[in-house]
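Each value in this text was obtained by applying a stated rule to the coordinates, not by laboratory testing. Everything numeric in this text was worked out from a predicted model, so none of it was measured. FYI the Cβ positions are ideal-geometry reconstructions off the backbone, even for glycines, and counts take in every protein chain you see.
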Amino acid sequence: MTWDEENLCDVSSRKKKLYRLVAVSVGLLCMLQATVNISLRLALHSSGSRTPDFEAIIKNLTAEGEQLKMKLSTFYNYSKEGWMYFNHSFYYISSINKPWQDSRNDCLQRGADLLIINSKEEQEFARQFKRLTWLGLTDRETEGTWKWVDGTALNQSYWRRGEPNSFQGKDEDCGELRFPDEENGWNDISCTSQNYWICEKMQA
């Protein structure tokens, strides 16, 4: 078994555990909500009068429970479709290679965009897949001025030493995570090259 096959098996195993965890969480949430509602209604009934504050508490708990169930349902559906959750965002890792723009188009069709790295933790998260992947980073608009796909300027970066360099005068206007075994592994490369990609969608 190759390293890639082992990695895919490991990811598949983690997904199955995640599905079970979400299902159990939803079940426990429903049981907890029912228990709280019954307890409060019994307290109201035994007091012989309906207190407005108790009614408001019940309504709030019910509303919060519904919101939490919706979030868990969203989480479960994304997980089932191959997305991974990390630090308030969902991530989709492609299984094929495409040029930068085609990769971005795929993300946009999924209601997401190419990966934007905002922290060291997110950089470490992206490195764990050990693949050459596109970043949502380009200087196509103005040479040397790197921006993320959401239009924000690049502030914190993890370029490999000597990068970006438009090697031998080539148009290398798109960013990639090329050296995942290195802490600073970003590289600039032609946008027509083919890479895997990671889509990122912020949790609503």
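Data table
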| quantity | calculated |
| --- | --- |
| Under-5 Å amide H pairs with PHE86, H placed in peptide plane, nonlocal only | TYR91 |
| Global form of segment 88-181, assessed from the alpha-carbon gyration tensor, a/c cut-off 1.5 | rounded |
| Distance between modelled label sites at LYS201 and GLU121, nm, 7 Å Cα→Cβ extension | 2.2 nm |
| Theoretical FRET efficiency, 1/(1+(r/R0)^6), r = Cβ-Cβ of ASP171 and ASP150, R0 25 Å, to 0.05 | 0.65 |
| Estimated distance in nm for a label pair at ASN105 and ALA56, the labels positioned 7 Å out from Cα along Cα-to-Cβ | 5.4 nm |
| Full-stretch length increase - GLU64, GLU143 - with 0.36 nm per residue and alpha-carbon distance subtracted | 23.6 nm |
| 3J(HN,Hα) from dihedral phi, segment 107-113, Karplus parametrisation 6.51/-1.76/1.60, rounded to Hz, x for glycine, proline | 4, 4, 5, 8, x, 9, 8 |
| Rounded Å value of the spacing that divides the Cα centres of segment 177-197 and segment 124-164 | 9 Å |
